[in-house]
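Inspection log for the structure reproduced underneath, given as structure tokens.
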Amino acid sequence: MATSTSSDLQPVEEYKDKGLKGGALGLVSSVVMGVASTAPAYSLAATLFFVVGAVVLKSPSVALLAFIPMLLCSIGYSEMNKADPDCGTTFTWATRAFGPKTGWAGGWGIVAADILVMASLAQVAGQYMFLLFGADGIGDNATSIWVLLVGVGWIVAMSYICYRGIEVSAWFQRILLTIEIIMLLVLAVTALVKATGSHPPATAVQPSFGWLLPTHITLSAFVSGIILMLFIYWGWDTAVSVNEETKDKAKTPGRAAIISTVILLLTYVIVIFGIQSFAGIGTKGIGLTNPAHEFDVLSVAGSAIFGTGGFGTVLSRLLILMVLTSASASTQTTILPTARTTLSMAAYKAIPSAFAKVHPRYRTPTVSTIVMGTVSIILYVILNYIADGNPIGDAVTAIGLYIAFYYGLTAFSCVWYYRKTLTSSARNLLMQGILPFLGGLIMYAAGIYSLQSDWVATNSLTFWTVPGLRWQIGGIFIIAVVSALVGVLGFIFMRLTAPAFFKKQTLTRGTPTLVPDEF
């Protein structure tokens with residue numbers, strides 16, 4: 001628990017338990033939440049084309065190097081969670097470390113990133129539902145009204161599961177993640193066996209350990225690959241956002257976050273090795289840089305790897321089911337942290353108090369969960385009908401800026417929060433200072449590079465021409481800026497109508513952590 005100092009402003013508000021169900025999750029369930037939220041299958045399906053396009057055969061090395069800042073930031077999460085196991089995570093910790101303005105921005109960064117990705121998750125879930133049952137004509141049309149309706153249905157269904165209780169969510173995630181990881185490993189092993197066998201496919205490339213070395217890559221290509229891989233790793237912090245509902249809340253969530261990043265590293269390196277060896281990096285057929293499959297390399301490669309007859313057909317269908325369940329699982333585990341971030345923000349009066357309401361029986365955020373699902377549906381529908389749905393792809397890319405922002409902010413918050421005790425031991429200096437600082441530095445460097453790169457129209461699927469100037473600004477940059485402006489408006493509204501939080505009357509370094517008792 002955080003301790004106060006004589007210089008801290010003491011809150012003047014009276015607090016009560018947030019109402020979440022303490023002790024509902026163990027270490028395994030927390031790890032499942034962290035890995036499932038990242039959606040390994042969906043992330044690979046949607047991003048591997050762009051990663052290979054940037055760094056060619058060095059994709060495994062980029063996956064390995066992108067793991068480093070994620071691991072460093074997860075250490076910062078773990079250390080902050082020990083001091084303050086609050087479900088607001090970045091919002092709460094940045095407020096304690098740097099003040100209410102910075103904390104509010106960190107909370108909005110989480111909310112913005114999670115809402116922006118929901119449209120893509122729903123769209124993938126909608127498409128794969130039809131592909132699973134062989135309705136390729138509908139499934140191949142991402143903006144089909146039928147895909148839209150199914151995608152909206154998935155958001156509703158996942159919101160309901162989150163509403164019903166954390167145990168239901170955890171149980172559901174275990175089933176989905178088990179299918180996902182097993183199928184990914186089967187896919188990777190089968191691909192490697194066939195690629196290195198006596199009759200490899202024409203596209204095959206002999207695997208090499210040199211793929212793990214970041215050599216012969218231009219700086220711009222390397223940074224682009226790292227930024228893309230940050231999105232692929234993003235999501236493990238869900239393990240920490242459910243900290244108030246875990247057993248041993250000060251230790252379990254942080255351990256789960258670190259374990260999740262390691263599991264993701266092993267999964268990504270093995271799968272990328274296998275698919276790249278089998279499919280190759282060509283621009284035709286099943287090649288990983290074929291633009292016809294830029295948003296879905298797994299189903300195409302999977303059909304070729306498993307074959308189209310007999311048991312191969314079954315495995316191909318299971319692969320499609322895997323990507324579907326991956327997107328669905330991530331939809332659920334995206335709603336979870338957002339609802340808990342807004343719950344914490346409301347508990348400390350940073351946003352309207354209605355968001356702090358918790359169901360008396362299920363002990364889950366009610367208004368926060370419902371609003372998250374509703375806003376996601378509205379945004380999905382709007383983006384689906386603008387520019388043939390291309391803004392959905394730009395929205396996914398724009399998330400990279402917010403990932404870098406709030407992950408990096410959490411890491412820096414750790415360093416500043418513990419600044420007075422860093423030199424008390426070598427362990428504290430390393431785990432609370434040097435490692436999180438390096439993680440935050442890498443995140444911010446990637447974010448700054450991403451921001452200037454996203455300004456260019458040619459890097460986006462959509463763009464806007466400035467009237468009279470003929471400047472073409474990329475859709476990725478526009479979405480990121482508009483999302484930030486919405487946050488600024490929310491900040492101003494709350495600052496004027498409910499200033500207690502911003503006057504340090506509800507949350508400071510000395511405020512007790514409002515967590516539930518374990519059952």
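The values are calculated or read from the model by the stated rules, or taken from the named source; none is laboratory data. A quick note: this is a predicted structure, and the numbers were derived from the prediction, not measured. All Cβ positions, glycine included, derive from the backbone under ideal geometry; neighbour counts span all protein chains shown. Each accessible area value is taken on the protein alone, full model and side chains, heavy atoms only, with ligands, DNA and RNA left out. Shrake-Rupley method; radii C 1.70, N 1.55, O 1.52, S 1.80 Å.
Worth a mention:
- Each of residue 482 and residue 251 was given a label point 7 Å from its Cα along the Cα-to-Cβ line. The distance between the two points is 4.8 nm.
- Förster radius 25 Å - calculated FRET efficiency between residue 434 and residue 28, Cβ distance, rounded to 0.05: 0.25
- Subtracting the Cα-Cα distance of residue 441 and residue 160 from their residue separation scaled by 0.36 nm leaves 97.3 nm.
- With every protein chain in place, the chain: carbon and sulfur % of accessible area (1.4 Å): 69
- Across segment 353-394, the residues whose backbone nitrogen lies under 11 Å from the label position 7 Å along the beta-carbon direction of residue 498 are 353-357.
- Under the simplified labelling scheme, the residue 182-residue 266 pair shows an inter-label distance of 1.7 nm, with each label point 7 Å from Cα along Cα→Cβ.
- Per-residue HN-Hα couplings for segment 58-72 [Karplus 6.51, -1.76, 1.60; θ = phi - 60°; Hz; x = Gly/Pro]: 8, 4, x, 5, 5, 4, 5, 6, 5, 5, 4, x, 5, 5, 5
- Extension gain for residue 314-residue 189 works out to 43.3 nm (0.36 nm per residue, less the C-alpha to C-alpha distance).
- Sum of side-chain charges, residue 397 neighbourhood, beta-carbon under 15 Å (Lys, Arg +1; Asp, Glu -1): -3
- Here the spin labels are modelled as points 7 Å beyond Cα on the Cα-Cβ line, and at residue 175 and residue 466 they lie 5.3 nm apart.
- FRET efficiency, 1/(1 + (r/R0)^6) with R0 56 Å, evaluated for residue 101 and residue 196 via beta carbons: 0.50
- Computed [θ] at 222 nm, helices only, for the chain once each DSSP H run of length n ≥ 4 contributes -39500 (n - 2.57): -22000 deg cm²/dmol
- Of 249/504; 82/420; 247/357; 249/357, pairs whose Cα-Cα distance is over 19 Å: 249/504; 247/357; 249/357
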